[in-house]
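Reviewing the structure listed below.
The values are calculated or read from the model by the stated rules, or taken from the named source; none is laboratory data. Every value quoted in this text rests on a predicted model; they were computed, and no experiment measured them. Don't worry about glycine lacking a Cβ; one is built from the backbone with ideal geometry, like all the others, and counts go over all protein chains shown.
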Amino acid sequence: MKIRRIVAGVALGILLAGTTGAVLAGEKKTMKPSQEDVDAMMGQYMKLAQPGEHHAHLARLAGTWDAKATMWQTPEAEPQTSAGVSKNVMALGGRFMQMEYEGEFMGQKFEGIGLLGYDNGKKIHTDVWVDTMGTFIYPSAGNCSEGGKVQEMIGKFEDPLSGDTRSMKSISRIVDDNKYVVTMYTDSPSGGEFKHMEIVYTRKKGA
């Protein structure tokens, strides 16, 4: 099986790197790990690679959703609204949620792609996002609560105009099987944070 050969190669590489480092440090350890060591590590990798409970939580978001977005540029600004559609599918054997968003932003066409996951090794939720409003990749990470219904993610990005590093907090709440809400907070010019955007997702009928 190809995947087992790949994992075995990774496991062997890590073991060799570790034993080589030990030898360079003056420790007397064999340079070649036993087959039992390789099989044990391969088993651990295979176990960590399997989707689990948290991936099942993400799967609840699969489908096609109508999105209504409300955004505030500053705490005092009037809100701007826009609409869009998000197509969410579980990818790579149920390990990641792939999101493709199409809509409008400030009167222009807007597209975005997101990838949500759960890192079994680090035991954290992960997210990466890209869209047509920039050329940078926005990563974030966090945890969930209420049986996976609430997910809080925190990330940082560099403002392309000022060069300042800004933070963004995103809270996703699953209301029921047909609705979830994502609320985003970012740094306020006066300090602290403010509600920057809220997106209400409603499942399309039959999707």
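Inspection of the range 111-118 identifies no residue that is surrounded by fewer than 15 Cβ atoms within 10 Å (Cβ to Cβ), at pLDDT 95 or above, more than 13 Å from the chain's Cα centre (by Cα) and closer than 18 Å to residue 61 by Cβ.
The rows are residues; the columns are (1) modelled with pLDDT of 95 or more; (2) among the charged types (D, E, K, R).
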| position | (1), (2) |
| --- | --- |
| 129 | yes, no |
| 141 | yes, no |
| 159 | no, yes |
| 173 | yes, yes |
| 176 | yes, yes |
| 179 | yes, yes |
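Among the candidates 172, 145, 162, 167, the residue that is closer than 14 Å to residue 125 by Cα, surrounded by fewer than 17 Cβ atoms within 10 Å (Cβ to Cβ) and either of a type in the set (Gly, Ala, Ser) or not assigned by TED's automatic domain parsing to the domain that holds residue 67 (or both) is uniquely 145. Being without any contact (Cβ under 8 Å) to a residue 60 or more places away in the chain, closer than 25 Å to residue 187 by Cα, surrounded by fewer than 18 Cβ atoms within 10 Å (Cβ to Cβ) and out of contact with any helix residue (DSSP H, G or I) (no Cβ under 7 Å at 6 or more places or on another chain) holds for only one residue in 102, 76, and it is 76. Determine whether residue 131 is surrounded by fewer than 13 Cβ atoms within 10 Å (Cβ to Cβ), of a type outside the set (Gly, Ala, Ser) and touching a strand residue (DSSP E or B) at 6+ places or on another chain (Cβ under 9 Å). Considered against the rule, which asks whether it is surrounded by fewer than 13 Cβ atoms within 10 Å (Cβ to Cβ), of a type outside the set (Gly, Ala, Ser) and touching a strand residue (DSSP E or B) at 6+ places or on another chain (Cβ under 9 Å), residue 131 comes out as no. Using the structure shown, decide if residue 60 is of a type outside the set (Val, Ile, Thr) and in contact (Cβ under 8 Å) with a residue 60 or more places away in the chain. For residue 60, the condition - of a type outside the set (Val, Ile, Thr) and in contact (Cβ under 8 Å) with a residue 60 or more places away in the chain - is met.
Condition check for residue 36 on (1) of a type in the set (D, E, K, R); (2) in the same structural domain as residue 151 (by TED's automatic domain parsing); (3) in a helix (DSSP H, G or I): one failure, at (2). The one condition from (1) touching a residue at least 60 places away in the same chain (Cβ under 8 Å); (2) over 18 Å from the mean Cα position of the chain (by Cα) that residue 176 does not meet is (1).
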